[in-house]
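**Q** Shown below is the structure under consideration.
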Amino acid sequence: MMYIMKQVLNLARRAAAGGDVPIGAAIVRDGKIIARGENLVQRKQNPTLHAEIVAINRACKKLGTKFLDDCDIYVSLEPCAMCATAISFARIRNVYFATTDEKGGGITANARVFDTDRHLWKPNIVQLPEYAEESATLLREFFAARRKERKDTDVE
């Protein structure tokens, strides 16, 4: 699990280096990463290209199926409602995430997508607190740098 989360955090760093919010995701089957994703929202100018969606699309393509019920997803940040619903539609078995998202989270915060009994597929949810601080630091540093950039351009 440590290797997988390190990969996910590296994907988050890659997203940030490309100007996107630092979130990474990996789809795992039989203990091996079969697909990776990083936020591509800014680079592709597409609000649906969250790390989880990118990883799910790549895994489905690789396996030639729409269901990933023998797979797990590891994410650096709690999935939003859109991504949580996509995880449900893909029938992913387990969701592992590093840090909660108080503003946009779709599992433990805000939307709480899986709290209803009417969901078609409900994965097991596991927060990995040992990676929470590293993920939260990436996010804090990213947004602090963005605020500074905005402030610097406002001054001119």
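**Q** Every residue in the stretch 69-83 that is surrounded by 17 or more Cβ atoms within 10 Å (Cβ to Cβ) and either charged (D, E, K, R) or in contact with a Gly (Cβ under 6 Å, 6 or more places away or on another chain) (or both), please. Spell out the reasoning first.
**A** Within the stretch 69-83, the first condition is being surrounded by 17 or more Cβ atoms within 10 Å (Cβ to Cβ), and the residues that meet it are 71-80, 82-83.
Within the stretch 69-83, 72, 76, 78, 79, 80 qualify.
**Q** Out of 51, 26, 109, 86, which single residue is in contact with a Phe, Trp or Tyr (Cβ under 7 Å, 6 or more places away or on another chain) and either surrounded by fewer than 22 Cβ atoms within 10 Å (Cβ to Cβ) or among the hydrophobic types (A, V, I, L, M, F, W, C) (or both)?
**A** Working: 51 fails: in contact with a Phe, Trp or Tyr (Cβ under 7 Å, 6 or more places away or on another chain); 109 fails: in contact with a Phe, Trp or Tyr (Cβ under 7 Å, 6 or more places away or on another chain); 86 fails: in contact with a Phe, Trp or Tyr (Cβ under 7 Å, 6 or more places away or on another chain).
Going through 51, 26, 109, 86 in turn, just one is in contact with a Phe, Trp or Tyr (Cβ under 7 Å, 6 or more places away or on another chain) and either surrounded by fewer than 22 Cβ atoms within 10 Å (Cβ to Cβ) or among the hydrophobic types (A, V, I, L, M, F, W, C) (or both): 26.
**Q** Show the residue pairs that are 6+ apart or on different chains and have beta-carbon atoms under 7 Å apart, the first residue being within the stretch 75-97 and touching a residue at least 60 places away in the same chain (Cβ under 8 Å), the second being open to solvent by 10 Å² or more (accessible area, probe 1.4 Å) and among the aromatic types (Phe, Trp, Tyr).
**A** The qualifying pairs are 96/74.
**Q** Of all residues in the stretch 126-154, which are surrounded by 12 or more Cβ atoms within 10 Å (Cβ to Cβ) and farther than 25 Å from residue 108 by Cα?
**A** 146
**Q** Please name all residue pairs, on different chains or six or more residues apart, with Cβ atoms under 8 Å, provided the first residue is in the stretch 131-144 and is within 18 Å of residue 6 (Cα to Cα) and the second residue is part of a helix (DSSP H, G or I) and not small (Gly, Ala, Ser).
**A** Once the first residue is within 18 Å of residue 6 (Cα to Cα) and sits in the stretch 131-144, its partners that are part of a helix (DSSP H, G or I) and not small (Gly, Ala, Ser) give 131/5; 131/9; 134/9; 135/9; 138/9; 138/13.
**Q** Right, next: Looking at 44, 6, 61, 66, which one is open to solvent by 10 Å² or more (accessible area, probe 1.4 Å), closer than 26 Å to residue 150 by Cα and among the basic types (Lys, Arg)? It would help to see each step written out before you state the result.
**A** On the way: 6 fails: closer than 26 Å to residue 150 by Cα; 61 fails: closer than 26 Å to residue 150 by Cα; 66 fails: closer than 26 Å to residue 150 by Cα.
Only one candidate qualifies: 44.
**Q** Select from the stretch 15-38 the residues that are in contact (Cβ under 8 Å) with a residue 60 or more places away in the chain and of a type outside the set (Val, Ile, Thr) and list them in ascending order.
**A** 16, 22
The values are calculated or read from the model by the stated rules, or taken from the named source; none is laboratory data. Here the structure is a predicted model, which means the values were calculated and not measured. Positions of Cβ are backbone-derived with ideal geometry, glycine not excepted, and every protein chain shown enters the neighbour counts. With ligands, DNA and RNA removed, areas are computed over all heavy atoms of the protein, side chains included. Shrake-Rupley method; radii C 1.70, N 1.55, O 1.52, S 1.80 Å.
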